[in-house]
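As structure tokens, the structure follows; a few thoughts come after it.
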Amino acid sequence: MDSGDREWERAAVVQTLPVVAPRKLAKVPFVEMADGRLQGVVSSGSDIARVYVSSVAAKTHGLSCSTNNNRPCGGLRGAYPCKHIDALLDEAVVQYGLERVARYLGVEIEGTSLYHALNCSHEPAPAAVVFSRFLRHLAYLELPGATAPIPELQWFPATGVSR
């Protein structure tokens, strides 16, 4: 293996899975599968200064949606998702692929949509943690490109690197 093949080991970035297709970052700038939920930040359709933190719990399919100020979404009605959760599901499929999202949520997709495979209920979830991770994500995007390590990210384990 020549030194060019190992350049990524010295970079301050980690290898990630490629997205399935380009996403609409203006509508859903942040989506992740973490903490037992598919969760993310969805822009408001009516107010440019407002965003919603939406989530679908894995296995229980509990729906949660509130503003970044912890105000409940008026469109979420019990087991019926709001447009923010619909957008989150759509963009998660674009980023991770239908099979991976379905597997994470614990559903089987056979001739039906992801939403119709869910057995939804209303289940409030903490929005502050997701919104905080989103803001932190934005801060890293503002850093100039470099190959030098970022000190606060050095605690991540380097998988596949022999020492």
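The values are calculated or read from the model by the stated rules, or taken from the named source; none is laboratory data. If you're wondering where the values come from, they're calculated on a predicted model, not measured in any experiment. Using ideal geometry, Cβ is built from the backbone for each residue, glycine included, and neighbour counts are taken over all protein chains shown.
Look through the range 74-126, keep the residues that are of a type in the set (Ser, Thr, Tyr) and within 15 Å of the chain's Cα centre (by Cα), and return whichever of them is farthest from Val56 (Cα to Cα).
In this case the residue turns out to be Tyr96.
Listed here are the residues, each with its yes/no results for (1) surrounded by fewer than 10 Cβ atoms within 10 Å (Cβ to Cβ); (2) modelled with pLDDT of 85 or more; (3) in contact with a Phe, Trp or Tyr (Cβ under 8 Å, 6 or more places away or on another chain).
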site: Ala58; (1), (2), (3): no, yes, yes
site: Cys73; (1), (2), (3): no, yes, yes
site: Leu76; (1), (2), (3): no, yes, no
site: Ala87; (1), (2), (3): no, yes, no
site: Arg100; (1), (2), (3): no, yes, no
site: Ala148; (1), (2), (3): yes, no, no
site: Arg163; (1), (2), (3): yes, no, no
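Scanning the range 67-105 for residues that are of a type in the set (Phe, Trp, Tyr) and in contact (Cβ under 8 Å) with a residue 60 or more places away in the chain, we see that the one that is nearest to Asp47 (Cα to Cα) is Tyr96. Each residue in the range 102-114 was checked for being in contact with a helix residue (DSSP H, G or I) (Cβ under 7 Å, 6 or more places away or on another chain) and either part of a loop (DSSP other than H, G, I, E, B) or exposed (fewer than 15 other Cβ atoms within 10 Å of the Cβ) (or both), and 3 pass. Checked against the criteria, Ser46 does not count as outside any helix (DSSP H, G or I), among the polar types (S, T, N, Q), at pLDDT below 95 and surrounded by 13 or more Cβ atoms within 10 Å (Cβ to Cβ).
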